[in-house]
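The values are calculated or read from the model by the stated rules, or taken from the named source; none is laboratory data. Computed from a predicted structure; not experimentally measured. Cβ coordinates were reconstructed from backbone atoms using ideal geometry, including for glycine residues, and neighbour counts include every protein chain displayed.
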Amino acid sequence: MAETLLELSGITKTYPGVTALDNVTLRVERGEVLGLIGENGAGKSTMMKILGGVTSPSAGKIRIDGHEHDHLTVAAATRAGIAFVHQELNLFENLDVAANVFIGREKLVGGPLKLVDNSGLRARVAPLLKRLGADFGPETLVENLSIAQRQMVEIAKALSIDARVIIMDEPTSSLTLTETERLLQVIADLKAHGIAVIYISHRLGEVMTCADRVVVLRDGHAVGELARAELNHAIMIRLMIGRDLKSLYIPPKQPARAGGCDISGLVTTAFPDRQIDLSVRHGEILGLAGLVGAGRTSLARAVFGIDKVLGGNIRLDGKTVRIGNPRDAIRRGIYLIPEDRKKSGLVLEFPIRENISLASLLTHAKGWLVNRGAEGRIAREQAVSLSIKAPNVETQVITLSGGNQQKVVLAKWLSMQPRVVIFDEPTRGIDVGAKAEIYALMRGLADRGVTILMISSDMEEVIGVSDRVAVMHEGRVSGMLERDQFSEYNVLRLAIGQTVEPAEVAA
């Protein structure tokens, strides 16, 4: 019989004018992987803050090992064995792995002048890393670790406090396919040792792979619980958004037209010994797939003028253009939706209005002064056109959901005259409902004749959204797939440098 480690019963959390959670019940059993899914704003983060003792519920009870609590503190949650692996990892890059695992809990040795027992810390961390199958040691500096390896450090930190429940928030958002598979193996091992995992992710395929049970939140309510045998994409999406989603693929209104953006013999600083040849036609969405490090983002940065082009040509509608910096690209109507929207696409403390006008300030200026009236009018038009959910255009972007932040980045360019738009990981960290809106916006642009290049590591997205798919391997385009050739198998073959034979065309 399953052993319930903790249970949240009738949890309600209200803020002034907002009910974040409404009478939600959630149980976690020993040695299970519980998937927790829902759109942004569904209440997942609030639930986890209550579970971690960061915030207190307005009503409801928390039971741990049968003992009832009105609320938890952070210390009480830690003592109960509840640990977090956040999407944004909290590590000190200048310290080694052992120091990070025991940060704030170091053992001191010596006389009056106490020193940290570094050798003792490393001896305690070594077996934890071995248990996780880590390929680095406790003395390794965190700055030398990959994102996946840093995640292992966070999991080792959780094991060091004898965690019985580990909460993982979007753990694979920055991982390669191989690293994701390794993480899922680690989760299976944790489960085998009786440790429960709460797995929060927008990637429903991963949830189906690892979860024993799934709880769905929508608008602060628990709207469904699915056993493993009941899991499928359609049911989960219907529960998350309250309706069925149509197929990801939206056919173009008319065939792609000649012209667009042609890249020939392009050499980037990331791969100075490789040439890239790629053509994206007017009115099509070309997916660009490949493993992390294959050179996709380097290509995007070179075409947008961020990185220097070492050789080759870029042609727009048959005319060669020279792009030495982003200003050159913008003047020619080439726009980039960056991979990290928070770092490279937005000024989070600025309002929506100023973010939308940021790339086109000169068109709103009279002399050295910005015409606030014109700026506000265009921002309001874009907010309505893209259905940006915010009280008004003076709302700070940092307060918006991921999907609405991405719409603000898109609005910045749509307020101008795009000819080529490069989307680099357009839906990373965005819920399924907002994803469908972004896909529809992309198709709308393509139907207007805009050339769309979409870089994505999400295989379902690449196959489901693109008209054609180009695949990169080690700095060059290794193959091109038409829609009747689309399959994960074919994409992966090209991504590892192999070819796709005619017999391997997808049915």
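Assorted remarks:
- Candidates are the residues of region 327-369 that are β-branched (Val, Ile, Thr) and surrounded by 15 or more Cβ atoms within 10 Å (Cβ to Cβ); the one that is farthest from Trp413 (Cα to Cα) is Ile352.
- Answer from Glu179, Glu143 - the residue that is surrounded by fewer than 23 Cβ atoms within 10 Å (Cβ to Cβ) and modelled with pLDDT under 90: Glu179
- Residue among Ile195, Ile241 that alone is under 23 Å from the mean Cα position of the chain (by Cα) and either closer than 30 Å to Glu284 by Cα or not polar (S, T, N, Q) (or both): Ile241
- Test: residue in region 95-110 that is out of contact with any Leu (no Cβ under 8 Å at 6 or more places or on another chain), acidic (Asp, Glu) and outside any loop (DSSP other than H, G, I, E, B): no
- Where strands (runs of 3 or more DSSP E) sit wholly within region 232-336, those with at least 1 residues that are among the basic types (Lys, Arg) and more than 30 Å from Glu488 (Cβ to Cβ) occupy 309-316, 319-321.
Listed here are the residues, each with its yes/no results for (1) surrounded by 20 or more Cβ atoms within 10 Å (Cβ to Cβ); (2) among the aliphatic types (A, V, I, L, M); (3) under 30 Å from the mean Cα position of the chain (by Cα).
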site	(1), (2), (3)
Leu286	yes, yes, yes
Ala302	yes, yes, yes
Asn313	no, no, no
Thr320	no, no, no
Asn325	no, no, yes
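- Test: residue in region 32-55 that is in the same structural domain as Asp219 (by TED's automatic domain parsing) and over 26 Å from the mean Cα position of the chain (by Cα): no
- Residues of region 30-43 satisfying the condition of being surrounded by 18 or more Cβ atoms within 10 Å (Cβ to Cβ) and at pLDDT 90 or above: Glu32, Val33, Leu34, Gly35, Leu36, Ile37
- Cβ pairs under 6 Å, 6+ apart, first in region 337-351 and under 24 Å from Val420 (Cβ atoms), second among the small types (Gly, Ala, Ser) and modelled with pLDDT under 90: Pro338/Ser344; Pro338/Gly345
- In region 461-507, of all residues being over 30 Å from Gly311 (Cβ atoms) and part of a loop (DSSP other than H, G, I, E, B), the one that is modelled with the highest pLDDT corresponds to Phe486.
- Selection status of Asp447, crowded, with 23+ Cβ neighbours inside 10 Å and either modelled with pLDDT of 90 or more or closer than 17 Å to Gly333 by Cβ (or both): no
- Annotation: Glu230 fulfils all but one of (1) touching a Leu at 6+ places or on another chain (Cβ under 6 Å); (2) exposed (fewer than 14 other Cβ atoms within 10 Å of the Cβ); (3) charged (D, E, K, R); the unmet one is (1).
- In the set (1) in contact with a strand residue (DSSP E or B) (Cβ under 7 Å, 6 or more places away or on another chain); (2) in a helix (DSSP H, G or I), the condition left unmet by Thr12 is number (2).
- Test: residue in region 56-75 that is without any contact (Cβ under 8 Å) to a residue 40 or more places away in the chain and of a type in the set (Lys, Arg): no
- Flag for Lys435 being not assigned by TED's automatic domain parsing to the domain that holds Ser385 and not in a loop (DSSP other than H, G, I, E, B): yes
- One residue from Ile398, Ile438, Ile455 being touching a Lys or Arg at 6+ places or on another chain (Cβ under 9 Å) and under 27 Å from Gln275 (Cβ atoms): Ile455
- Subset of region 394-411 (residues that are buried (at least 20 other Cβ atoms within 10 Å of the Cβ) and either free of Cβ contacts under 8 Å to residues at least 60 places away in the same chain or in contact with a Pro (Cβ under 6 Å, 6 or more places away or on another chain) (or both)): Val397, Leu400, Asn404, Lys407, Ala411
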